[in-house]
Amino acid sequence: MSDRADSGGAWTLLTGHGHVLVEIARDPKARIRDISAAVGLTERTVQAIVADLETAGYLTRTRTGRRTRYTVHHDSLFRHSAQEGLRIGPFLALLSAADGDTADT
């Protein structure tokens with residue numbers, strides 16, 4: 001990805017927590033392995049992030065047999081003071097759109 005290197009380094013706009021939450025919003029049945037591959041983090045890191053997100057109230061994990069299903073709490077508020085009072089639902093809806101296409105309104 002030369003565009004990334006040419007435009008100021010390897011940083012991304014979202015944190016690991018943001019990437020993981022978006023992936024879970026896209027596919028609530030995703031396995032840690034799949035989330036890890038999608039966001040480019042180790043499985044251990046993704047497990048720790050999922051635990052953080054659950055502790056913070058952003059999601060709930062439910063075990064069904066050997067699988068885990070996630071429920072994202074779209075009414076949760078952003079944690080940073082710059083987004084005080086804003087809910088994560090619209091943000092996740094935008095970034096987790098199935099077709100990846102957003103219309104300008």
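The values are calculated or read from the model by the stated rules, or taken from the named source; none is laboratory data. These figures come from a predicted structure and were not determined experimentally. Cβ sites come from the backbone with ideal geometry, for glycine too, and all protein chains shown count toward neighbours. Surface areas here come from the heavy atoms of the whole protein model, side chains and all, with no ligands, DNA or RNA. Shrake-Rupley method; radii C 1.70, N 1.55, O 1.52, S 1.80 Å.
Data overview
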read-out	value
Single condition Ala103 does not satisfy, out of (1) in a loop (DSSP other than H, G, I, E, B); (2) modelled with pLDDT of 95 or more	(2)
Residue among Arg69, Arg61 that is open to solvent by 80 Å² or more (accessible area, probe 1.4 Å), of a type in the set (D, E, K, R) and in contact with a Pro (Cβ under 8 Å, 6 or more places away or on another chain)	Arg69
Condition met for Thr15 (modelled with pLDDT of 95 or more, open to solvent by 70 Å² or more (accessible area, probe 1.4 Å) and of a type in the set (S, T, N, Q))	no
Selection status of Thr68, in contact (Cβ under 8 Å) with a residue 24 or more places away in the chain and farther than 25 Å from Ala93 by Cβ	no
Which listed residue is in a helix (DSSP H, G or I), in contact (Cβ under 8 Å) with a residue 24 or more places away in the chain and touching a helix residue (DSSP H, G or I) at 6+ places or on another chain (Cβ under 8 Å), from Ile35, Ile24	Ile24
